[in-house]
6 protein chains.
Amino acid sequence: MLNNKKISRLDLGKLTLAMVDGRAADSVMDSLDSIAPDIGKYIYEFAFGDIYNRPELDLKQREMITITSLLTQGDTNNQLKVHINGSLNVGLSEQEIIETFIQCLPYVGFPKVLNAINVAKEIFSSSK
Amino acid sequence: MLNNKKISRLDLGKLTLAMVDGRAADSVMDSLDSIAPDIGKYIYEFAFGDIYNRPELDLKQREMITITSLLTQGDTNNQLKVHINGSLNVGLSEQEIIETFIQCLPYVGFPKVLNAINVAKEIFSSSK
Amino acid sequence: MLNNKKISRLDLGKLTLAMVDGRAADSVMDSLDSIAPDIGKYIYEFAFGDIYNRPELDLKQREMITITSLLTQGDTNNQLKVHINGSLNVGLSEQEIIETFIQCLPYVGFPKVLNAINVAKEIFSSSK
Amino acid sequence: MLNNKKISRLDLGKLTLAMVDGRAADSVMDSLDSIAPDIGKYIYEFAFGDIYNRPELDLKQREMITITSLLTQGDTNNQLKVHINGSLNVGLSEQEIIETFIQCLPYVGFPKVLNAINVAKEIFSSSK
Amino acid sequence: MLNNKKISRLDLGKLTLAMVDGRAADSVMDSLDSIAPDIGKYIYEFAFGDIYNRPELDLKQREMITITSLLTQGDTNNQLKVHINGSLNVGLSEQEIIETFIQCLPYVGFPKVLNAINVAKEIFSSSK
Amino acid sequence: MLNNKKISRLDLGKLTLAMVDGRAADSVMDSLDSIAPDIGKYIYEFAFGDIYNRPELDLKQREMITITSLLTQGDTNNQLKVHINGSLNVGLSEQEIIETFIQCLPYVGFPKVLNAINVAKEIFSSSK
């Protein structure tokens, strides 16, 4: 969490997203730039400026919640890539990420967990 | 996590679920008893025996993941009641539970978060 | 499957739905009558006239598929009531209905299965 | 769309939500006040301040999109109540609301459409 | 809306789908022809014959509702392609399509909106 | 259903999954081996050892339920491939598989049914 008193929501969001997954952020924003730049602005301001900087949870907890929500809703492979990388960047271990997915088994069943594991496998192996 | 070498999966699951939410467990199992008792057995053995006792995450993290998954899939008010109570029982604060729901806002939107907040409100006020 | 050559899609659908769950049909159609009667017409014509009368599967198989789909999508308690009753009416046993729900456990997890079990329990006990 | 240059996002959102469904807004905000007031603030600022005031669509179109999205995701009866009322308030007719739901039939099937029709029926009859 | 008194549901549906997205229609029907031609028939008769020709909404409104429902349920990229093209064909502007997706942000969150934006981007650039 | 008294849940599951879709099983397990082998163990023990061997339904019914649940939840193409193959292996005809999907039309709409049909088409043609 950054000291958020003196800077704009937009700049706060940019700094926070850079800490979570800077490379992915640039790529998503570039892609939005020509078609819907305001969505990029809302991602910075609302998601990463307003929400991620709230003091009650740390970034590791926030990323654990985020990858759980993405796994559960399905059809989110692009976002899982960003946030599995983000989870590693803020300090979750590969084992903690896998274990987060395994904890979802009784609540969503095997298919969605296997999908998320496949995304994680691709990311873990590409980072070695 | 319990020392799980010497006891059956069923007993391990019973002990674990008792730690998470004993009263709810009794009620769910009573309700299943006359119609589908094997589902109760699988909840004990698979969900709470196999999964909850894995060493990589603690019970606070597991409940945080569980309430996130329940909020995200929707139509799970009964299960949210059990696991918001369970979250309190294993040591999450009311504030951490609410904050877990708020972290889901950018990923699932307002309606599902408001539903979960309503369930939490009912539980928090009934426990006072 | 009815001999469907000589009668309209609407009449064919009415006869078919009457076989599956006549009482529920009347109630749903009454409820739609003042606000959206065309939806009732489409239920008769498309769902029960066109689809349920196709020769490749029998009504027991069709109801087994239907309650599986309703359980899996969630937020369908009203429809589950109609089609658990319909399943009994076309010849599925209580045990086969429960077992259909149990088969879904590995694919959707416990919460949605428990929801469907609760609806079944209510119906089974009210019919005794 | 209000002239949004001179007032805060919060005030702009409050004015906009008051136009859409003032009574529901007060009730939702009261309910959030004791447990998660920041969610109320985000509803005003982000949903109604940032999004609803964008110039490209009018409020009738925005409410038509909103009730479609709520119907499609399911488990949103509370939100459908607010936005069916809101749809009426911004000028959609009862017939246009029902027809919006009917247009969803080929894309989501009957169960979710019937759920939304039930909510609409309750609202239409209570407003007479 | 076509004068639908004198022609069959099938022909009415074919004419309507040709107006919405003729090229996609041919491709979908060709693909269904060898495996499940009846589904193609139901798409023509029920979706485009019965539903799209109802008088209460125009084709621009119907496509706006359709792309909202597809975005919200997820895992519908193929259908989004057809109906983003269809939206352009019946007169929605690129800006109105993007804005429809942005209106969904408070109700479904960022991931599903970003998925739909990606599909739109591909279509908009290929049509230039 | 195998005589399940004398062998472990793990071995029972392995035998059962081999009967349903041996080649796919090997591939899934190989893929899990380096990242989350316990999930493979749970698939064998819980899904195929505990659930598939229950006596109340036969394997054809279980696969019909499974492909219905996979179609309905969406974003499950990989699992649909395994279980459409599995459906053929346990004795469902191509026509029964297609008809199972068609029965879902009134409950989930066209998009999810078309997705499942596409997966089936690929499998049917590759097995010729």
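Remarks
- The relative contact order of segment A:1-56 comes to 55 percent, based on Cα pairs under 8 Å that sit 6 or more residues apart.
- Near residue E:107, once Lys and Arg are set to +1 and Asp and Glu to -1 for all other residues with Cβ below 13 Å from its Cβ, the sum equals +1.
- Rounded if a/c under 1.5, otherwise prolate or oblate - segment A:1-56, Cα gyration tensor axes: prolate
- Extent of the protein assembly as shown along its three principal axes (Cα atoms, max minus min coordinate, largest first): 76, 74, 51 Å.
- Taken about its Cα centre, segment C:30-128 carries a charge dipole of about 260 debye when Lys and Arg each add +1 at the Cβ and Asp and Glu each add -1 at the Cβ.
- Peptides E:61-71, A:106-116 ordered by average Cβ neighbours within 10 Å, highest first: E:61-71, A:106-116
- Under the Karplus curve 6.51 cos²θ - 1.76 cosθ + 1.60, θ = phi - 60°, whole-Hz ³J(HN,Hα) for segment E:10-15, x wherever Gly or Pro sits: 5, 5, 4, x, 5, 5
- Radius 9 Å from Cβ of residue C:85, net charge of other residues (Lys, Arg +1; Asp, Glu -1): +1
- Cα-based Rg / Dmax (Å) for chain B: 14.9, 46
- Most to least packed among B:7-14, F:82-89 [average Cβ atoms within 10 Å]: F:82-89, B:7-14
- Anisotropy class of segment C:57-128 from Cα gyration tensor, a/c 1.5 cut: oblate
- The string of couplings for segment D:102-108 from the Karplus curve (6.51, -1.76, 1.60, θ = phi - 60°) is 5, 4, 6, 3, x, 9, 10 Hz, one whole number per residue in order, with x for Gly and Pro.
- Proximal charge balance of residue D:24 [Cβ under 12 Å; K/R count +1, D/E count -1]: -1
Coordinate-derived values only; no laboratory data. Just so it is clear, the model here is predicted, and its values are computed rather than measured. Note: ideal-geometry Cβ built from the backbone for every residue, glycine included; neighbour counts use all protein chains shown.
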